[in-house]
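Since the structure comes first, as structure tokens, the remarks are kept for the end.
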Amino acid sequence: MNNMQFFRLLWVWMLAIVSCAMQADEVFQKVTSLNEINETDTYIICSESVSGAIYKTSGNFLGVLSVTTKQVRGDFIEIDPDRAGTKEGVPDEFKIIRVKNGIYAMKYVADGNLLSAERSKNYLHKTTLEASDDRAQWRFITYEKGVYVNCANRSGFFISLYKGKFGVYEKYKDWHDKTLLYRRVATKSKRVVIGNARYVSFSSPSQFALTLPLGLRAYVVDQAYPDRVRLKEIGAVPANTAVLLSGEPGTYLMPYATQSVNAVSDNYLLTSDGKVTGDLRTIYSLGQIEGTVGFFLVDSGVKIPEGKAYLKIGTVTAAKCLSMWHAEHVGITTAVRQIKEESSGTLSYDIGGKAVPCPQQGIVIRNRRKYMHR
């Protein structure tokens, strides 16, 4: 395997890892069935293309709050209004009130007004109507893409985004973006997704510390050597701190800390601003190759995504990979991972039979087969 092949393979795996962790203050999940609707949760209304969400203007008329493609993660919309340098806001939230069988009213959480529609026009307002007024009544219908919001008192009409405005339009006008319901599933928290590698890099917000949910662990790098780094477990993530998060594959919500969290004194991990570029000499980023997770050299010209942790080793070494080991007091150690790998035959060994945690130069043995790493 030559150097070019090595780094092509490296970045296929590394991009899969660094794209696993996402952050957002407000997390909304698409409603896909009427069975998910209740009078306890809060909801937002977004266009089918998720290019906008309902937002009140200074008066009773409704405006459009932009939702960018970067904020859409499958069935989730993630909004981070606390992120520095952005103009993101949170769409207006509604409580859903069941009026009668299949008919609902939508009440603004902020002021208690109802979302209503004119009987003869396409206007959409917020008003102080009673829920019994048919102008404030809506019918939700499940379609393939989710739950659409239809107008109950005007047959064949639904809320739609059209020419930059939300209104009530006829269903057969296919060029209108129909609207879908999204339910808020988290507030004042960061969502992170752990993939099969069981590690992701992460940086906490500049102003807020985070607590760890059950099953999720956080580590800093407190010691660095030419061929390995040591991970030290921390109980909470201080503000403006780069860490590694570890857990079983799945989605975790990390709430904002309600008490102060002390800063970490020794931490070699740095946070990328999106402009950090590899040099194939001193910059290392979290990655996975052939089942092994570690810090790998970043190829020249490759930028580390914003908000991701990386290492910069001051002394140039020949190591393409820095293996990870844990401080002794940590409950879950690397040895646990290695036992699992040994049982499945996925560890690499040198020709002397010694286990090597990262692909090294020279001949290595894996699954009883020899491989050459250059």
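The values are calculated or read from the model by the stated rules, or taken from the named source; none is laboratory data. If you're wondering where the values come from, they're calculated on a predicted model, not measured in any experiment. Don't worry about glycine lacking a Cβ; one is built from the backbone with ideal geometry, like all the others, and counts go over all protein chains shown. To get the accessible areas, we keep the full protein, side chains included, count just its heavy atoms, and leave off ligands, DNA and RNA. Shrake-Rupley method; radii C 1.70, N 1.55, O 1.52, S 1.80 Å.
Does region 124-141 contain at least one residue that is open to solvent by 60 Å² or more (accessible area, probe 1.4 Å), in contact (Cβ under 8 Å) with a residue 12 or more places away in the chain and either aromatic (F, W, Y) or closer than 30 Å to A209 by Cα (or both)? No, there is no match, as no residue in region 124-141 is open to solvent by 60 Å² or more (accessible area, probe 1.4 Å), in contact (Cβ under 8 Å) with a residue 12 or more places away in the chain and either aromatic (F, W, Y) or closer than 30 Å to A209 by Cα (or both). You will find that of S58, S66, the residue that is modelled with pLDDT under 75, open to solvent by 70 Å² or more (accessible area, probe 1.4 Å) and among the polar types (S, T, N, Q) is S58 and no other. Here L311 fulfils each of the conditions (1) more than 30 Å from D80 (Cβ to Cβ); (2) at pLDDT 85 or above apart from (1). Screening N153 against (1) at pLDDT 85 or above; (2) more than 17 Å from A53 (Cα to Cα) leaves a single unmet condition, (1). Determine whether N150 is without any contact (Cβ under 8 Å) to a residue 60 or more places away in the chain, in a loop (DSSP other than H, G, I, E, B) and not charged (D, E, K, R). So N150 does not fit the description; no.
Taking D299, is it in contact (Cβ under 8 Å) with a residue 40 or more places away in the chain, open to solvent by 50 Å² or more (accessible area, probe 1.4 Å) and farther than 29 Å from E78 by Cα?
For D299, the condition - in contact (Cβ under 8 Å) with a residue 40 or more places away in the chain, open to solvent by 50 Å² or more (accessible area, probe 1.4 Å) and farther than 29 Å from E78 by Cα - is not met.
Would you say S155 is touching a Ser or Thr at 6+ places or on another chain (Cβ under 8 Å) and either in a strand (DSSP E or B) or under 19 Å from A136 (Cα atoms) (or both)? No. Annotation: T187 fulfils all but one of (1) of a type outside the set (A, V, I, L, M); (2) buried (at least 19 other Cβ atoms within 10 Å of the Cβ); (3) at pLDDT below 85; (4) touching an Asp or Glu at 6+ places or on another chain (Cβ under 6 Å); the unmet one is (2).
Of the residues making up region 202-220, those that are modelled with pLDDT of 90 or more, crowded, with 22+ Cβ neighbours inside 10 Å and small (G, A, S) number 1. Of all residues in region 221-253, those satisfying the criterion of being open to solvent by 40 Å² or more (accessible area, probe 1.4 Å) and closer than 14 Å to L311 by Cα are Q223, Y225, P226, D227, R228, R230.
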